[in-house]
Ligand code: SF4
């Protein structure tokens, strides 16, 4: 599996997107927990 083949989010400009770093889902999930939001992958297959 490549660095981000698991992620269905298409916002590749987001600095938290897994294609833009090597920390996997951690930054995205941290941001969503902080803001009481749901990760995009919960909404897009
Ligand atoms: S948690 Fe965030 S980074 Fe991880 S797969 Fe879902 S949308 Fe992508």
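Structure summary
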| item | result |
| --- | --- |
| Potential lengthening between residue 29 and residue 11 on full extension [0.36 nm per residue; Cα-Cα distance subtracted] | 5.0 nm |
| Span per principal axis, largest first, for the Cα atoms of the stretch 3-43 (Å) | 25, 19, 16 |
| Value of relative contact order over the chain, rounded to a whole percent, pairs C-alpha under 8 Å and six or more apart | 37 |
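Just so you know, all these numbers are worked out from the coordinates, no wet-lab data involved. As the structure is a prediction and not an experimental result, all values here were calculated from the model.
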